[in-house]
Amino acid sequence: MSASVPPPPIEPSGSLVVRFGTALGLAAAAALACSVPAAMRVAAAGGGANLLHAWLGLGAAALGPMVVAVAVLRGAREGLRAFGGPGAWLRAFGAGLWLASMLVVLSVFGSVLRATTHQHALAGVTFAFGALAAALGAGLVCARLVAILRAQSPGSRRALVALLGAVAVLSLAWVGLRFLRAVSHEVAPSPAAATIIDVLAFVLAALLASRRPRLARRVLAYVGPPVVVVVAALGIGALRGDALRDAVIERAPAFAPAARLVAGR
């Protein structure tokens, strides 16, 4: 008796229309979510911009970039499967160490250049070459650390990973405290601080929205496109007002280019 061949698994994501509608719904939700901190700052600036108008306007400005980001991140999931297999968590840990080390090194390097270099062009070129050298050096060091961890026994590996992770977390906390201390000494709200907060909120929302939802997929597919249309229409109408657009440029510079683009001004 021949063995029965199991049927192929059913693709849970459904048809192309369902996938497209789901992606739009998730992108709209992520755009509205990531614009909340900026909307609160813009509304606090006054000038006739209330919180609802600011939120819809910033959500409309973030909608296009969010759709692109979600599509790119979903496509990158296939490439990330190359990190699977034995030792995948060690490779992910090494990548995390590399990112943390780059943030710390570039933050310190940039602060040194700002304090010692008065020519912006020279500082920019120096920072670019220094960042390239730091990226290569940190990559080699992290790759060597991963090889050392792979050769250790499970107990020693866990201890070393805990130690290196604690050093990375403390280093990131030190950089964050330096940044908060520098911002707190400024009289006016820092555009750099606002940009960092908005970019981090955008990246986090895009990462969450790029995950495939397990439930309510068809609901998102049907609700997503109408929500996108409503947010875009109301947000573009709000951004056509000079008061809101000026407040966005002043308090949420990360959203300013997209706000000008969608408003047509």
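Quick notes on this one:
- Residues considered: 128, 138, 133, 115. Of these, the only one that is touching a helix residue (DSSP H, G or I) at 6+ places or on another chain (Cβ under 6 Å) and either surrounded by 13 or more Cβ atoms within 10 Å (Cβ to Cβ) or part of a helix (DSSP H, G or I) (or both) is 138.
- All positions within the range 207-237 that are at pLDDT below 80, exposed (fewer than 14 other Cβ atoms within 10 Å of the Cβ) and aliphatic (A, V, I, L, M): 215, 216, 219
- Which listed residue, of 72, 112, is at pLDDT below 85 and over 26 Å from the mean Cα position of the chain (by Cα): 112
- Some residue of the range 53-63 being touching a helix residue (DSSP H, G or I) at 6+ places or on another chain (Cβ under 9 Å), in a helix (DSSP H, G or I) and modelled with pLDDT under 85: no
- Of all residues in the range 8-52 being among the β-branched types (Val, Ile, Thr) and modelled with pLDDT of 85 or more, the one that is farthest from residue 66 (Cα to Cα): 42
- Cβ-Cβ contacts under 6 Å between residues 6 or more apart (or on different chains), taken from a first residue in the range 171-185 that is at pLDDT 75 or above to a second residue that is part of a helix (DSSP H, G or I) and surrounded by 14 or more Cβ atoms within 10 Å (Cβ to Cβ), are listed as 171/104; 172/100; 175/104; 175/107.
The values are calculated or read from the model by the stated rules, or taken from the named source; none is laboratory data. From a predicted model like this one, the values you see are computed outputs, not experimental measurements. Cβ coordinates were reconstructed from backbone atoms using ideal geometry, including for glycine residues, and neighbour counts include every protein chain displayed.
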